[in-house]
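Presented below is the structure to which this report refers.
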Amino acid sequence: MQGLGALLGLVLASALAAVLIVSGMTPALAVTGMAATNSINLFNQVPDYLRIQPLDQTTTFYAKSHGKNVAIATFYDQNRIDVAWQDVSQYVKDAAVATEDPRFYQEGGIDLIGTIRGALSTATSNDVQGGSSITQQYVKNVRIQQCDAKYTLRADAPKKQLEQQTAAFQKCYMEASGVTIPRKVQEMRYAIGLDKSYSKDQILLGYLNIVGLGGQVYGVEAAARYYFGTSAKNLTLPQAATLIAIVNNPANLRIDQTKADNPDNNASNGYKSTLDRRNYVLKRMLANHKITQAQYDDAVKTKIVPKITPSPSGCMSANKYNAGFFCNYVELTMLQNPAFGKTADVRSQNFQHGGLNVYTTLNLDLQKKAQAALSGYIPASRAGVNLGATNVSMEVGTGRIVTMVENKKFNDSANSTPGTTALNYATDYNYGGSGGFQTGSSFKAFDLIAWLEAGHSFSDVINANVHSFPESEFASCQPPADVTWNVANDESDEGGYMTVLQATEASVNSAFAMMGTKLNMCDISNAAKALGVHPANPAPVSEGGRPWDIVPPFMIGTNYIAPLTMARAYAGIANGGKMCTEVAIDKVLDASGKSLPVPKSTCKQAIPKKVAASVTWGLQHVLTAGTAVDANPNDGVPIMGKTGTTDYQEENWLVTSTTKVAQATWVGNVFGHVDLRYLDFKGWAGNAVKFPIVKAIDTALNAHYGGGNFPTPDHDMIYGKYVYVPPAPSTSSPAPSSGTKNPPSTTTPPKKGNPPKKP
């Protein structure tokens, strides 16, 4: 009895203090003569103001379709959608008050009668029981939310850090919801302070928005959508009573479980436990005059019939729009870019808890066409080869990514199935990428930049007969290796003397190797890097990376580069040499509608304008009279580009650009070494199937964006410099001076169906 008396003393003192505080008196005056007791000291030490933090909100990604924003993916730890007072059914409000706290609108933050009843139960059962007002329940839920926000558990954190995070979270959680007398007193104090600072309607709305309703579902709006496929505003009386019933025991009373999940409460028995609790809620509503007898009679006869409407979290839901990989790229951008927070922990918390609306650059209409073009030829899986393919396109001058598709479905779950992957073939390793692929001859665009910058021209004649080159013949900023580079061409009859333009059109390796002997390898490297080209995974080989390698063979594409990087570089060439970094996000709004900073495309003049214009001129010939004629849309929009194929046709590329948009397409081995030349893809050999794919994609891009003429190339870079030779002194007629070189004639277009491609 002594323990019961002490507890009752605490409760009564607390209740009296609460009443006086609500009346405007101070705790010190209210408890004069009792300040020596431990219980009253404990009460006075508790702060009187609870700072309510923003609740976890769902982050949503949007993309454009027919000019309208479409939600393509949502992310949440807690599925919650805050709603305003007028957007919640009165049935829900009345059910909550009648069942959880009938004296809510009269009490001062705590329910004195309920508190005393709970204290008596606590004294007899040696456990803290009941007595919580809606305000107190709100306080507890808010404090738990503070723990969730403060101690976000990152699964990728080091083990020791994860253990520390877990321990800190558990401590915080116990302080917020633990069954202890100090916690209960603190909760009461907070509830009183909250009641003084907010209206009853504000507190009730906050409670309805924060309360857990089973699994990851929090708040009445998310629950209404999930359990009944409706909104909180349109809930019927039986539906509203059902949701408030679930509040009593969300784990066991939720109505989305099967018999295997919950043998006692499932569809086969009509959700008996939930039904009993729902009818109790209805009875309390009747007793508290919130509904009529007729409403009650009709409602209790109504069966619980859920309409489970999941709101999937994560990028797999974006597969509906062929956008899973792009979605993952945006997600990783937000988790890694300092624009979204200074540290990884801050970025993670902002992403998971911020309720962000992220408006991306993706064009769903073009995305659909790109996916159809790619998947129309490349299956998600094929026996005997680990087959991959991707396309990515971005606007010239803005860097906005408008398509990003893959031959597989995005799947980052633990259950990988054939034809699915989490590897994004289009991007760098740190953004979900696979580590990049050897680019083959699509790298030759950068050779041409260095060639022209060194004072050479497209009309220069090259001896392409030589096929063996000691690496000591190549100037470089790196020491040459004591090896010989044996250069092969795709066709055995390729060789002889030819102009650089002819070598570009036919992509003759031996000609470019000979050009390399007249250049410095590091000038080629610098030209590529100026346009943003870099290894997809620069980590050391010992760590699984592929660092940048400046050796003569890199001239024909031996470094591992992501398609997005190649699209960026070609867009820069087409943009008069001004390279703009890629962006995937146009704007981000927080839960309040405030605009947040986002990464911006940064543009710089990477190579001289006249060099860019001249290289573009040369690369136009690749689609009009060279290796990529079968990919030319022939729609009147000027287009330039370059093919690329590695040894044994294992990797196959085509990168193109107009003045408006650039794209990069890759088809090849993700892992392994299968010669795709001998595989058939609807009548196209594996090294040539990129042509119908790109033709369809570029046709769609051009129809949407159009495109103008490229800048006029530099005369000397095309035809060579005019050199005046003064006549020798003579009485005879003067010798003719050397004149301007004639423009080279273009080569015969390559054979259709299986054009020759170069390593």
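Which of the residues belonging to the range 334-347 are open to solvent by 20 Å² or more (accessible area, probe 1.4 Å) and outside any helix (DSSP H, G or I)? Listed by number, the residues that qualify are Asn337, Lys342, Thr343.
The conditions of being of a type outside the set (Ser, Thr, Tyr), free of Cβ contacts under 8 Å to residues at least 12 places away in the same chain, in contact with a helix residue (DSSP H, G or I) (Cβ under 7 Å, 6 or more places away or on another chain) and surrounded by fewer than 18 Cβ atoms within 10 Å (Cβ to Cβ) are not met by Lys301. Is it the case that the range 312-323 has a residue that's part of a loop (DSSP other than H, G, I, E, B) and either crowded, with 21+ Cβ neighbours inside 10 Å or modelled with pLDDT of 95 or more (or both)? There is at least one residue in the range 312-323 that is part of a loop (DSSP other than H, G, I, E, B) and either crowded, with 21+ Cβ neighbours inside 10 Å or modelled with pLDDT of 95 or more (or both). As a summary of the residue check, Phe326 satisfies the conditions (1) open to solvent by less than 10 Å² (accessible area, probe 1.4 Å); (2) without any contact (Cβ under 8 Å) to a residue 40 or more places away in the chain except for the one numbered (2). The residues in the range 629-668 that are farther than 21 Å from Ile556 by Cβ, among the β-branched types (Val, Ile, Thr) and touching a Ser or Thr at 6+ places or on another chain (Cβ under 6 Å) can be counted, and the count is 3. Residues that are among the charged types (D, E, K, R) and either farther than 14 Å from Ala224 by Cβ or open to solvent by 10 Å² or more (accessible area, probe 1.4 Å) (or both) within the range 71-92 comprise Asp77, Asp82, Asp87, listed in sequence order.
From the list Ala527, Ala562, which residue is more than 13 Å from Phe446 (Cα to Cα), in contact (Cβ under 8 Å) with a residue 60 or more places away in the chain, small (Gly, Ala, Ser) and open to solvent by less than 20 Å² (accessible area, probe 1.4 Å)? Criteria check complete, one pass: Ala562.
Set side by side, the residues Gly593, Gly572, Gly576 differ, and just one is touching a Lys or Arg at 6+ places or on another chain (Cβ under 6 Å) and either free of Cβ contacts under 8 Å to residues at least 12 places away in the same chain or farther than 16 Å from Ser507 by Cβ (or both), which is Gly576. Of everything in the range 277-311 that is in contact with a Pro (Cβ under 8 Å, 6 or more places away or on another chain), not aliphatic (A, V, I, L, M) and not in a helix (DSSP H, G or I), the residue that is nearest to Gln78 (Cα to Cα) is Thr302. Applying the set (1) assigned to a loop (DSSP other than H, G, I, E, B); (2) open to solvent by 20 Å² or more (accessible area, probe 1.4 Å) to Lys587 leaves exactly one unmet item: (1). Exactly one residue out of Leu237, Leu213 is in contact with a Phe, Trp or Tyr (Cβ under 7 Å, 6 or more places away or on another chain) and not acidic (Asp, Glu): that is Leu237.
Is it the case, given these coordinates, that Ala571 is touching an Asp or Glu at 6+ places or on another chain (Cβ under 9 Å), within 30 Å of Thr484 (Cα to Cα), open to solvent by less than 30 Å² (accessible area, probe 1.4 Å) and at pLDDT 95 or above?
no
Entry remark, the range 248-262: residues being loosely packed, with under 13 Cβ neighbours inside 10 Å and either at pLDDT 95 or above or not in a loop (DSSP other than H, G, I, E, B) (or both) number 1 in total.
The sole residue among Thr712, Thr643 that is among the hydroxyl-bearing types (Ser, Thr, Tyr) and in a strand (DSSP E or B) is Thr643. When the range 217-247 is limited to residues that are part of a loop (DSSP other than H, G, I, E, B) and touching a Ser or Thr at 6+ places or on another chain (Cβ under 9 Å), the one that is surrounded by the most Cβ atoms within 10 Å (Cβ to Cβ) turns out to be Leu235.
Tell me, please, whether a residue that is part of a loop (DSSP other than H, G, I, E, B) and hydrophobic (A, V, I, L, M, F, W, C) can be found in the range 489-504. Checked against the condition, which is being part of a loop (DSSP other than H, G, I, E, B) and hydrophobic (A, V, I, L, M, F, W, C), the range 489-504 yields no hits at all. Checked against (1) part of a helix (DSSP H, G or I); (2) within 12 Å of Asp698 (Cα to Cα), Thr624 passes all but a single condition, namely (2). Beta carbons closer than 7 Å, at least 6 apart along the sequence or on distinct chains, pair a first residue in the range 45-72 that is modelled with pLDDT of 90 or more with a second that is acidic (Asp, Glu) and open to solvent by less than 80 Å² (accessible area, probe 1.4 Å) for Ser65/Asp365; His66/Asp365. Run down Thr427, Thr421 and say which single residue is touching a strand residue (DSSP E or B) at 6+ places or on another chain (Cβ under 8 Å), among the β-branched types (Val, Ile, Thr) and open to solvent by 10 Å² or more (accessible area, probe 1.4 Å). One residue alone meets the criteria, Thr421.
The values are calculated or read from the model by the stated rules, or taken from the named source; none is laboratory data. What you see is a predicted model; the values in this text were computed from it and never measured. So basically every Cβ, Gly included, is an ideal-geometry build from the backbone, and we count neighbours across all protein chains shown. Remember, those area values only see protein heavy atoms, side chains included, never the ligands or the DNA or RNA. Shrake-Rupley method; radii C 1.70, N 1.55, O 1.52, S 1.80 Å.
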